[in-house]
Each structure stands twice: as structure tokens, then as C-alpha cells.
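Engineer: Dropping the structure in here first, questions after.
Throughout, read-outs are computed from the coordinates displayed, never taken from laboratory work. Since the structure is predicted, the reported quantities are computational estimates derived from the model, not experimental observations. Glycine gets a Cβ as well: all are built from the backbone with ideal geometry, and neighbour counts include every protein chain shown.
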Amino acid sequence: MATIKVLQNGPYLVQGDDVTAVDWNGKTYATPKRPFALCRCGASINKPFCDGTHTKMGFKAAEEAVPESKDKPA
């Protein structure tokens, strides 16, 4: 089973053994280590994987993934 954890102001952390990363064109990405992190800020040079750029650009994400939420960025 796979688990995807949303890190505060960071990437999606993917854990589990039966995980395949596939893009919209059907390209499969090798994921040799576990866990791995998927970019959420859009600035990674190593997309779809996180390279830590979010910390340099000051990425701020909403705390809750609910459209009507009144939560402020973390």
C-alpha cells in the first residue's frame, strides 16, 4: 500500500513499495529509493521529483485542501 503525505510548505512524500510514477504522456519514472518526494511548488528542476527548490523560493501552501476553507497559508 502507498501513502502520500502532504508536507507543510513542501512536497508530497510518497511511501510504499508498490508505487509507480507516471506522467500525463504515460512515461514511467524510475523511483529507486523509498520514500521519495514529488514537487508541489512547480519550481523543481528534477520534476516530477522535489529537489528542495521550494525552500529557496519561499513556497507557501494552504494548510487545508478544501476550496471553501478560510485557512491562511502555513
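Engineer: Given labels modelled 7 Å from the Cα in the Cβ direction, how far is it in nm from T55 to D17?
Structural biologist: It works out to 3.1 nm between the two label points.
Engineer: Next up: Given points 7 Å out from each Cα along the Cα-Cβ axis, report the W24 to K5 separation in nanometres with one decimal.
Structural biologist: 3.0 nm
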